[in-house]
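Read-outs: derived from the displayed coordinates by stated rules, not from any lab. Worth saying up front: this structure is predicted, and the values here are computed from it rather than measured. With ideal geometry, Cβ positions are generated from the backbone for all residues, glycine too; neighbour counts draw on all protein chains shown.
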Amino acid sequence: MSDVNYWAIVVSGVVVFVLSSVYYSVFSKQLAAFTRTDPNAAMPVWKIPLELLRSFVVAYVLARLFALVGEFGVLEEVSMALLLWIGFPVVLLTGSMLHEGVPWQLAALHGGDWLIKLVVIAVILGLWP
């Protein structure tokens, strides 16, 4: 497991956690419209470490996947991140729209967050020496 850069994983996990927080703050009114939550309410403190852990897990999985595939550049890693975004979050979110009646706007909101996360992690992992 020494073929991944743990500092890059930690940094990318923190960066996407922060970006995701900003993203959902910007779209808090739209999110609240579909989830019946207060757009001004802060995230409960107990959720913060869990969200940070989720960011680290995504960064670690992407780093391991890139290590398994082999050495390639930032553009290839971003391309792979886009394919993974289509193959997983987009497919899962469209499934929730089709089978559970999740509004497309809510799925698109979450899909945008996943797109940012995957691309930013790919860029950080790709640029880290």
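Could you tell me how many degrees, from 0 to 90 and to the nearest 10, lie between the Cα long axis of helix 74-85 and the main elongation axis, the longest principal axis, of the Cα atoms of the chain?
Taking the Cα atoms of the chain, the angle to 74-85 is about 40 degrees.
Evaluate the Debye formula for the chain with equal point scatterers sitting on the alpha carbons, no solvent, and hand back log10 of I(q)/I(0) at q = 0.21 Å⁻¹, in q order, two decimals.
Taken in order of the listed q values, log10 I(q)/I(0) reads -1.23.
Given H placed on each backbone N at 1.01 Å, which residues far from VAL102 in sequence or on other chains put an amide H within less than 5 Å of it?
Residues meeting the criterion, in which the H sits 1.01 Å from N, are MET97.
So if we plug the beta-carbon distance of VAL119 and ALA32 into 1/(1 + (r/R0)^6) with R0 = 41 Å, what FRET efficiency do we get, rounded to 0.05?
0.95
Which is the longest stretch in the chain that no exposed loop site breaks, taking sites as chymotrypsin sites (Phe, Trp or Tyr not before Pro) with a DSSP loop state and at most 13 other Cβ atoms within 10 Å?
Formally, the longest exposed-site-free interval is 73-129.
Show that you can apply the helix-only estimate: for the chain, add -39,500 (n - 2.57) for every DSSP H stretch of four or more residues, divide by all residues, and state [θ] at 222 nm to the nearest 500.
-25500 deg cm²/dmol
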